[in-house]
Structures are given as C-alpha cells and as structure tokens.
Amino acid sequence: MKIKTAITEKLNIDLPIIAAPMFLVSYPELVVAVSEAGGIGCFPSLNYRTPEQLREGLKEIRSKTKKPIGVNLILHKEHNPNWAKQFEIVMEMKVELIITSLGTPRTIAKEIKANGSTLFCDVTTLKHAQLVAKSGADALIAVSQGAGGHAGNINPFALIPYLKKEVGLPVIAAGAISSGSQMAAALALGADAVYIGTKFIATPESRAQNEYKQMLIDSSPDEIIYTEKISGIPANWLSKSVQRSPEILEDGPKKIAAGHAGGEHAVEQEYKRWRDIWSAGQGVAQIEEVKPAGEIVKQIAEEYLQTLKGLPKLS
C-alpha cells in the first residue's frame with residue numbers, strides 16, 4: 001500500500017507516517033519496525049549518552065533495515081551539550097532525515113543538504129516557522145495543541161493551514177493523531193504527513209516501562225497536564241505520573257534552575273525527569289491496547305482509506 005504526498009516523495013517512503021523521536025522510548029526496535037512497515041522511524045540522539053553509543057545504535061539499525069530513518073537533534077547547548085559531535089556522526093552514517101528542535105539549523109542546513117539528507121524542524125508558531133524556513137528547512141513539523149512532549153498551544157485546525165499558507169513549505173501534522181481518520185483530517189487541512197508519538201509508546205518495541213504503557217491505556221485526554229514546570233518548556237504529561245511527585249508542580253522552577261546549570265549535569269537531570277514522569281499527548285483517547293508498531297502503521301493506512309471512502313458525497 002502506498003499513499004503519495006510531497007513528504008513520501010521527499011523521503012522515499014510508502015506512507016506519510018513518521019514515528020516521532022521520543023526520549024527514553026524510541027530505540028532501534030521501534031525505529032526498524034516503523035520503517036519496515038512503510039513509514040519512517042525516528043529517535044532522539046539524546047537517547048545515547050555518548051557519541052560512540054550513538055554510532056553503535058545507528059549501526060544496529062542499519063544492520064536491521066535498509067529503509068530511511070530519522071534522528072532528532074536538540075540544538076540547545078544547555079539541553080544537549082554534545083549536539084555538534086552527534087551531528088558529525090549522523091552525517092557520517094548518512095541518516096536520511098534530520099529533525100531539529102529547540103534552536104535554528106542555520107549553521108548546519110547546508111551540510112545536511114550536501115550530504116543528501118532532508119531537514120525537518122519542529123515549530124509551534126509562525127515566527128519560529130519563518131525562522132527555520134529561512135535557515136533552510138525542507139518541511140515544518142507543526143506541533144499543535146494536544147501533542148505529547150514539548151507541544152504548542154495552537155489548535156491543529158488553525159495551525160496546519162496557517163503555516164502552509166504563510167510559509168509555503170510542506171507541513172507535517174503533530175498532535176493527538178492515533179488513527180487513520182485523524183490522519184485523513186490532517187491531510188485534508190493541508191498536511192503532507194503525520195507525526196505520531198504517543199500511539200507508538202504503547203507498542204512491544206518501545207522501551208517505555210510496562211506501567212507507562214498501561215497508564216496510556218487507562219488515561220483519558222482530560223488527564224493530560226500541560227505545564228512548563230517539569231522540563232522548563234511547556235509540555236504535555238500524564239497526570240497520573242505527575243501525581244506521584246506532586247511537589248514538582250510547586251517547586252519545579254527551582255529544580256529546573258538547578259538542572260539547567262549547563263553541560264552533562266543538565267542532561268542527567270533531563271534523564272531523571274523523563275524517566276520518572278511520563279509524557280503523553282491527548283491521543284491517549286484512541287489507545288486501548290499494546291500493539292506491534294508495524295501493525296499500527298498498517299492499521300492507520302487502512303483506516304485512512306476507509307475514512308476517505310466513507311465521507312459523505314455531494315448529491
């Protein structure tokens with residue numbers, strides 16, 4: 001099965017489904033499963049504590065799939081002091097898709113293109129979208145209200161067509177997408193692909209704890225908390241996991257200030273936060289079981305086609 005869009009053409013993949021790179025969740029098993037199913041699997045470089053471990057992780061993925069893959073690079077030195085070394089390795093390993101966040105890719109965009117790779121950038125506002133477009137982004141990941149992790153607060157029905165019209169680059173929709181009908185809605189709004197995170201946490205291939213996966217199944221959209229007090233940047237979290245450490249919502253800024261003193265200490269604090277308090281988007285509404293990632297990709301594609309067939313016709 002193939003669904004052709006500007007993004008599938010650019011990345012040479014069959015389906016416009018991108019598995020979002022998730023901290024401490026996305027590792028070779030998940031990346032390979034999604035890419036082999038026709039989408040593109042991605043992981044954050046920060047999942048590996050050293051550049052050498054990152055290289056080994058990429059070698060493992062390359063030994064299991066020849067399909068395109070993606071790596072997320074956080075370009076903020078305080079959050080990711082090793083990003084320049086990580087960038088060298090992903091270029092050396094010819095990673096097909098580079099996704100940047102928390103910064104502009106101005107200094108690395110030309111090298112990415114010269115290497116034959118594609119550059120996508122996370123954005124939550126028009127201002128940031130225009131900035132990364134000038135820096136050389138090939139497409140925008142519109143991180144809208146309801147997305148897991150670091151999310152924006154603009155409704156996707158507004159954000160997707162707005163960025164498409166104002167910037168003119170291909171747009172990838174991110175935020176509460178767990179089904180083929182939601183993918184159909186995103187593409188109808190002008191998106192060229194979807195960026196799915198939370199749904200892929202509830203898979204055997206994700207390295208999330210089993211309790212985390214069960215919490216996704218047991219949680220509803222109104223149990224997602226949007227706050228900057230946990231990581232220092234507004235993000236969506238499972239309220240049931242936050243309730244185990246309620247003090248962080250009261251004195252979070254103090255802990256964050258200590259954690260963002262810079263360098264490896266900041267990264268260590270980030271590991272602790274995301275290990276103990278779990279992120280998720282409002283897409284938990286459509287998560288009812290733990291299911292293999294490859295099956296999820298195929299199911300979303302089939303639901304997408306069924307949704308198109310089932311839409312009311314003009315009479």
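The values are calculated or read from the model by the stated rules, or taken from the named source; none is laboratory data. This structure is a prediction, so every number in the text was calculated from the model and none was measured. Neighbour counts are summed over all protein chains in view; Cβ atoms, including those assigned to glycine, are modelled from backbone coordinates with ideal geometry. Note: accessible area is taken over every heavy atom of the protein model, side chains too, but ligands, DNA and RNA are not part of it. Shrake-Rupley method; radii C 1.70, N 1.55, O 1.52, S 1.80 Å.
Scanning the stretch 113-123 for residues that are under 29 Å from Q145 (Cα atoms) and either more than 20 Å from the chain's Cα centre (by Cα) or buried (at least 24 other Cβ atoms within 10 Å of the Cβ) (or both) yields F120, C121, D122, V123.
In this structure, K110 qualifies as among the basic types (K, R), over 20 Å from the mean Cα position of the chain (by Cα) and open to solvent by 30 Å² or more (accessible area, probe 1.4 Å). When we screen I3, I18 for residues that are part of a loop (DSSP other than H, G, I, E, B), surrounded by 17 or more Cβ atoms within 10 Å (Cβ to Cβ) and at pLDDT 95 or above, the only hit is I3.
Which of the residues that make up the stretch 70-98 are assigned to a helix (DSSP H, G or I) and more than 19 Å from E29 (Cα to Cα)? Within the stretch 70-98, W83, A84, K85, Q86, F87, E88, I89, M91, E92 meet the criteria. With the structure loaded, tell me whether K240 is over 21 Å from A20 (Cβ atoms), assigned to a loop (DSSP other than H, G, I, E, B), of a type outside the set (G, A, S) and free of Cβ contacts under 8 Å to residues at least 40 places away in the same chain or whether it fails that test. No; evaluated as a whole, the condition is false for this residue. A search for C-beta distances below 9 Å between a residue of the stretch 298-312 that is closer than 13 Å to D14 by Cβ and any residue that is small (G, A, S) and open to solvent by 40 Å² or more (accessible area, probe 1.4 Å), counting only pairs 6+ apart in sequence or on different chains, returns Y304/S181. Suppose the filter is of a type in the set (D, E), touching a strand residue (DSSP E or B) at 6+ places or on another chain (Cβ under 7 Å), open to solvent by less than 50 Å² (accessible area, probe 1.4 Å) and closer than 30 Å to D222 by Cβ; does D138 pass it? So D138 does not fit the description; no.
Annotation: of all residues in the stretch 33-58 being in contact (Cβ under 8 Å) with a residue 60 or more places away in the chain and hydrophobic (A, V, I, L, M, F, W, C), the one that is farthest from W83 (Cα to Cα) is A37.
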